[in-house]
Amino acid sequence: MTATSWHALPTEEVLARAGTSLEEGLAPEEAERRLAAEGPNLIARGRRRGWWAMLGSQLGDAMVLLLIAAAILSAVVGEPADTIAIIVIVLVNAALGVVQEYRAGRALEALSQMAAPSAQVRRGSVVERIPAAALVPGDLVLLEAGNVVPADLRLVRVARLGVDEAALTGESMPVDKLVSPLAPDVPVADRRNMAHQGTTVTTGRGAGVVTATGMRTELGRIAALLHGAEEVQTPLQRRLAAFARRIALAVIVICALVFGLGILRGEQPVRMFMTALSLAVAAVPEALPAVVTLALAFGARILARNRALVRRLPAVETLGSVTCICADKTGTLTENRMRVERLCGSGGVAIDEATLASPVAGRLLDALTLNNDAWISPSGVVLGDPTEVALSEAAAALGVTRAMREPLLPRVAELPFAAERGRMTTLHRGEEGLVAFTKGAPERVLPHCVDRATDDDPAPLDRAAVLASARQMASQGLRVLAFAMRRLDAIPGELEQVEDSLTFLGLAGLLDPPRAEAPDAVATCRAAGIRVMMITGDHPDTARAIAARVGIAGPEAPVLTGAELRHMPADVLASRLAEVRVFARVAPEDKIRLVRALQARGDFVAMTGDGVNDAPALRRADIGVAMGQGGTDVAREASAMVLLDDNFATIVRAVREGRRIYDNIRRFARYVLTGNSGEIWVLLLAPLIGLPMPLLPIHILWVNLLTDGLPGLALTAERAERDVMRRPPRPPGESLFAHGLWQHVVWAGLLIGGVTLGVQAWAWTTGDAHWQSMTFTTLTLAQMAHVMAIRSERESLFTQGVFSNRALVGAVALTFALQMATLYFAPLHAIFRTDTLTAGELAIAIGAAVLVFVGVEVEKWMVRRGWLYRKSS
């Protein structure tokens, strides 16, 4: 049965091929036979790895292995506190990774739970409720409002049946269903004689023949795509992995050099071995994962306050690399509610407060209000079909409500809307007799009109002109309805005759309007070098109109449909992506193909979505962003971030936060690597210039713990720079060391090492007995001077404001106090092998440290003038 184009067959042939009938349904024995042959109507769940396997993959990361080695070295040199701290960092990061993988697996579980638990079927002439899992192809399923469709059905009977398919197709409005056959090549979103598993019946009743169950349904096809949509590593994960490999190699080489040079100078092998091990612990930036995690967590907290919930911490930084945002239209760029955008009378005159007094306007507003099934809840909210709610609100805004008019013109009969007719008619009795109001698509209403209303007698109707006006409104993305009326003496024997000889009243154009903040958010993306693309299941004209209003594309911009995309060669698609910004009528596999094509071009893609159909693309995108208000559980579980307000502007704020966080991670890397570099230069160069080993292992470990601790963590609170959203996105393959970072690490590390060795050389040659304490203090304070200077890569500290990051100022002050304690608190002298410095000796150490601050400020001055780091390195 699955190979048949069921939507293209007449009802009689559908029943014949399925071996069923409207009166009897399947025989119970035949249903059992088919269940044994086809299997249960279930969505398969993906196999999950055990927690031990997930934990093992986390512990195999290069940075983690490096940290484990550092923990072992810390234990060897007698620093159990460092060992414990590093192990805790490793386990916390591994646990986060396991939780993320576990959450990713829940997407498929959420998908399987969308299936209806039970279904009402007719078997052997008896209507019964059975578990949805027991449905088989050929079953006759009965539907009514509120039901979740339990399988893919070819509808064979409908009575004002409306189905909400937004979760599956992206169509924002409920779809009015029909039973007549359609063209074989009609896409899924336009198969109005089908009802698909997982969608919801909103109005009316119907019956349908099961054509597919389980993984053969459209929902099952999406589940298969979700199984195959692998997640991709974030840029931060790739950068940190490369960073760890380089650091590991550098640490091995440097430690071997220090050990070898010490032995050549005649130092004791045991002492040199301990020094080399201490240097290895100091050189490994074991605080980096903790700082990264803290920066991401801090950013996630800020985003949560801005209505964005982060489900995977790396996603916070990932946003900063985004080069292309593929945004869903409904609810993200728009308000997700219909509104009457244009209302005009039969003569084409707009109906507003200025023209409200005319009789034509009054009759048109009566039609909007009375030919309408929307109702007001006890709380005063208008409820019902979104279109009818919008019509009621438009009439109320002009002073006409149902509560006002219905007592004067109560409804006495109606012809309910049917998809085949495309019209709805209601009859009302008033003081002047019977009046009928009709609404529907212009092409379904105008052929039944004989004239048009005026303020006096009816006038001739120019149908071609009205249809042209309706087409012009539709080209602007409006959903157009026509209204007509007729006066009668009595209700005719056949009610359908009411719709003959109608008088045309006017047109209403409805639209799901763009969010007020969407145009500014799109403009901000453009300034930040981020392309915005609209990918929707809606009609191309609607998509183009909204895209033009929010600034994504021009009013004449090309729109690529899913059908065109499906048959487009990869090279042609790649070239079209350079110009096309709007994609309409897309299917789930189309979205995945688009994401992959953009990634192949080098784009870093954020995909938004709310429906089941979006889940595979959300998983495949570099960052998936689901809707929290109107989204499905499936979309949320497949995403990395959830928008609690379903607002595109929130994504832009999140991108800004992601850029700030990455900048802060670079600040920490710049700070800690330069400090470690300075320590290495001190230990490496001292023997080469004839100086004794400047530091003891305890000094190295103390400097490492003190300087990499609170000051490094405080850098995560640094504010975003003023141009953060006026610069292009970082290339996804860009190194953490780009834009002058590695050059800074080398020269600033040499500067720190140089001033430290300069103080040592001066004190040693002048016979100062406190030379080692002076060297130790200079190295610590030089790093404090450095951290204050590198708060920005371009701006001077005095432009930023010294106290604009109070956490960092406090951390520097505390670090200074702790260093002073090792010098001036006698009980610590024995532990740190230090001496009390005189005021003059301390002034020399502080003065040397200030030279580092001055040097970095000069570097930034040169950067601002374009003399340094103009190109990515």
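The values are calculated or read from the model by the stated rules, or taken from the named source; none is laboratory data. Just so we're clear, the structure is a prediction, and the values are computed from it rather than from any experiment. So basically every Cβ, Gly included, is an ideal-geometry build from the backbone, and we count neighbours across all protein chains shown. We work out accessible area using only protein heavy atoms, side chains counted, and drop any ligands, DNA or RNA first. Shrake-Rupley method; radii C 1.70, N 1.55, O 1.52, S 1.80 Å.
Ranked by the mean number of other Cβ atoms within 10 Å of their residues, highest first, the peptides 447-455, 378-386, 8-16 fall in the order 447-455, 8-16, 378-386.
For the chain, the longest principal axis of the alpha carbon atoms and the long axis of helix 518-527 meet at an angle near 40°. Just want to confirm a number: the relative contact order over the chain, from Cα pairs under 8 angstrom separated by 6+ residues, in percent. For the chain, the relative contact order is 13 percent. Shown are Phe816, Phe776, Phe825, whose ranking by accessible area with a 1.4 Å probe and every protein chain present, most to least, is Phe825, Phe816, Phe776.
The overall shape of the chain is prolate: from the C-alpha gyration tensor, with semi-axes ordered a ≥ b ≥ c, the ratio a/c is 1.5 or greater and a/b exceeds b/c. The angle between the Cα long axis of helix 839-864 and the longest principal axis of the Cα atoms of the chain comes to about 40 degrees, rounded to the nearest 10. Note on surface exposure: Trp742, Trp6 rank Trp742, Trp6 by accessible area, highest first, 1.4 Å probe. Neighbours of Glu841 by Cβ distance under 13 Å: Lys/Arg scored +1, Asp/Glu scored -1, total -2. Within the shell of other residues whose beta carbon sits under 12 angstrom from the beta carbon of His744, the net charge comes to +2, with Lys and Arg scored +1 and Asp and Glu -1. Its residue count N fixes a reference of 2.2 N^0.38 Å for segment 671-794, and the Cα radius of gyration divided by that reference is 1.22. Segment 538-599 and segment 687-708 have Cα centres separated by 60 Å. Projected onto its three principal axes, the C-alpha set of segment 374-453 covers 40, 31, 23 Å, listed from the longest axis down. Rounded to the nearest Hz, the phi-derived 3J(HN,Hα) couplings of segment 19-26 under the Karplus curve 6.51 cos²θ - 1.76 cosθ + 1.60 (θ = phi - 60°) are x, 9, 8, 5, 7, 10, x, 7, where x marks glycine and proline. Specify whether the C-alpha gyration tensor of segment 749-841 places it in the rounded, prolate or oblate class, a ≥ b ≥ c being the square roots of the eigenvalues: rounded for a/c under 1.5, otherwise prolate if a/b is larger than b/c and oblate if not. Judged from the Cα gyration tensor, segment 749-841 comes out oblate (a/c at least 1.5, b/c at or above a/b).
Using the Cβ of Gly347 as centre and a radius below 15 Å, the other residues enclosed give a net charge of -2, where K and R count +1 and D and E count -1.
Seen through its C-alpha gyration tensor, with square-root eigenvalues sorted a ≥ b ≥ c, segment 330-410 comes out oblate because a/c lies at 1.5 or above while a/b is not bigger than b/c.
Compared with the dominant principal axis of the Cα atoms in the chain, helix 741-765 is inclined by about 20°.
Working with all protein chains in place, sort Val746, Val322 by solvent-accessible area computed with a 1.4 Å probe, largest first.
On the way: Val746 65, Val322 0 Å².
Ranking Val746, Val322 by accessible area, largest first, yields Val746, Val322.
The amide H of Met533, built 1.01 Å from its N in the peptide plane, has Ile325, Cys326, Ala327 as neighbours under 5 Å, considering only residues 5 or more places off or on other chains. Label reach from Leu851 (point 7 Å along Cα→C-beta): in segment 719-761, amide nitrogens under 20 Å belong to 744-761. At an R0 of 25 angstrom, the distance between the Cβ atoms of Glu431 and Asp462 translates into a FRET efficiency of 0.15. Note on the chain: lysine pairs with Cα distance below 25 Å, sequence gap of 8 or more or different chains, count 4.
Rolling a 1.4 Å sphere over the protein heavy atoms, what is the accessible area per residue of segment 678-795, to the nearest Å²?
Accessible area per residue: 32 Å².
DSSP finds beta bridges in the chain, and of those with both partners inside it, around 75 percent are antiparallel. With the simple spin-label model, which puts each label point 7 Å out from Cα in the Cβ direction, the Ala403 to Ala490 separation comes to 3.8 nm.
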